[in-house]
């Protein structure tokens, strides 16, 4: 049986917590001083994977087969020599946003900046650029960076029943779907809104901050967007704005969902793109039990005064009734009752980029 760990990707390395009879305990750290943009467990092999952002050497991938006792460097995705961000501007790997694992053991997808999706079918020995998405006719003219220099793929959503069917979320471009393992791609931005553009309903140029699909009913998808909380009940063909009536959830980065109940979701709001601080300088979670028809605030145990922290897109995770999130200010909170109440595990960690249960 897999032992429960928390893997934290932070601005100063990988931090590991382990659950014991008395709760979660800090048990180790690796890659100290090196930003870890993402850390997660391969569900097929149990290996721990980390995405490193070396300031000198650039992005790297490593994995451990023995829970961090030793680490193995995987091949880093590399853009082909002829790949161009724009005409005459060569593409080079700047950042690894996320990893996802396919249904077949050994299949790994990597989302990167400047907007490239890479895939390996041999557990990371070799990665190749998914050229069909890179060559999508919208990319050069309509994809752009959302807070970074270039567009980035931050979400990869796999169909739990079909290896050939998956989605990617791109900031800024939107949601793209393939039903034939990357042979072709369809834009799935109907119903989204980009208030920052002259035409808010442009087909390509939307900014989903993070996307998830419910495993029990993959037709139901959720996203925390730059301009609201959106939900789809038809596999992304149409999105509906389900932002709370108070508008507190209009802006934020992360979203969590119940994998068994397609009506339940959680977000951690932030105040505007220009400020990026906790709403009213108080940290709270918003929860819906009815598909976004109504929302309730969950504040117990969270700081309610002079809090500037936000929660980044990969820094919240849910497993059954247990939830955990880390903040931009290095605080780590856990709930054992679906967010009704929270307790602190640490207030002095580095900036937290990702949090994942193993």
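The values are calculated or read from the model by the stated rules, or taken from the named source; none is laboratory data. This is a predicted model, so every value here is computed, not measured. Ideal geometry is used to build each Cβ from the backbone, glycine not excepted, and the neighbour counts take in all protein chains shown.
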Given (1) exposed (fewer than 13 other Cβ atoms within 10 Å of the Cβ); (2) within 20 Å of residue 351 (Cα to Cα), index of the condition residue 73 fails = (2)
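Here's the yes/no breakdown for (1) in contact with a strand residue (DSSP E or B) (Cβ under 8 Å, 6 or more places away or on another chain); (2) more than 20 Å from residue 155 (Cβ to Cβ); (3) crowded, with 22+ Cβ neighbours inside 10 Å:
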residue: 282; (1), (2), (3): no, yes, no
residue: 303; (1), (2), (3): no, yes, no
residue: 317; (1), (2), (3): yes, no, no
residue: 324; (1), (2), (3): yes, no, yes
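Can you find, within the range 1-23, the residue that is modelled with the highest pLDDT among those that are over 23 Å from residue 53 (Cβ atoms) and either touching a strand residue (DSSP E or B) at 6+ places or on another chain (Cβ under 6 Å) or not in a strand (DSSP E or B) (or both)?
Within the range 1-23, the match that is modelled with the highest pLDDT is 18.
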task = Please work out if residue 243 is modelled with pLDDT of 95 or more and over 19 Å from residue 156 (Cα atoms).
result = yes
key: Qualifying residue in the range 90-99 (condition: without any contact (Cβ under 8 Å) to a residue 40 or more places away in the chain and closer than 21 Å to residue 9 by Cα)   = yes
key: strands (runs of 3 or more DSSP E) fully within the range 252-358 counting 1 or more residues that are modelled with pLDDT of 95 or more and under 21 Å from residue 209 (Cβ atoms)   = 252-257, 265-269, 285-288, 296-298, 316-319, 322-326, 332-335, 352-357
task = Write out, first by first residue and then by second, each pair whose Cβ atoms fall under 6 Å of each other, whose residues are 6+ apart or on separate chains, and whose first residue, in the range 280-292, is within 13 Å of residue 255 (Cβ to Cβ) while the second is part of a loop (DSSP other than H, G, I, E, B).
result = 285/339; 286/295; 287/339; 288/295; 292/242
query = What number of residues within the range 236-251 are assigned to a loop (DSSP other than H, G, I, E, B) and either out of contact with any strand residue (DSSP E or B) (no Cβ under 8 Å at 6 or more places or on another chain) or without any contact (Cβ under 8 Å) to a residue 24 or more places away in the chain (or both)?
reply = 4
inquiry  = Restricting to the range 24-40, name every residue that is part of a strand (DSSP E or B) and in contact (Cβ under 8 Å) with a residue 60 or more places away in the chain.
reply    = 24, 26, 36, 37, 38, 39, 40
message = For the range 105-113, check the following and say yes or no: at least one residue is touching a residue at least 60 places away in the same chain (Cβ under 8 Å), surrounded by 20 or more Cβ atoms within 10 Å (Cβ to Cβ) and assigned to a loop (DSSP other than H, G, I, E, B).
response = no
query = Which condition breaks for residue 176 when tested against (1) over 21 Å from residue 313 (Cβ atoms); (2) in contact (Cβ under 8 Å) with a residue 24 or more places away in the chain; (3) touching a helix residue (DSSP H, G or I) at 6+ places or on another chain (Cβ under 9 Å)?
reply = (1)
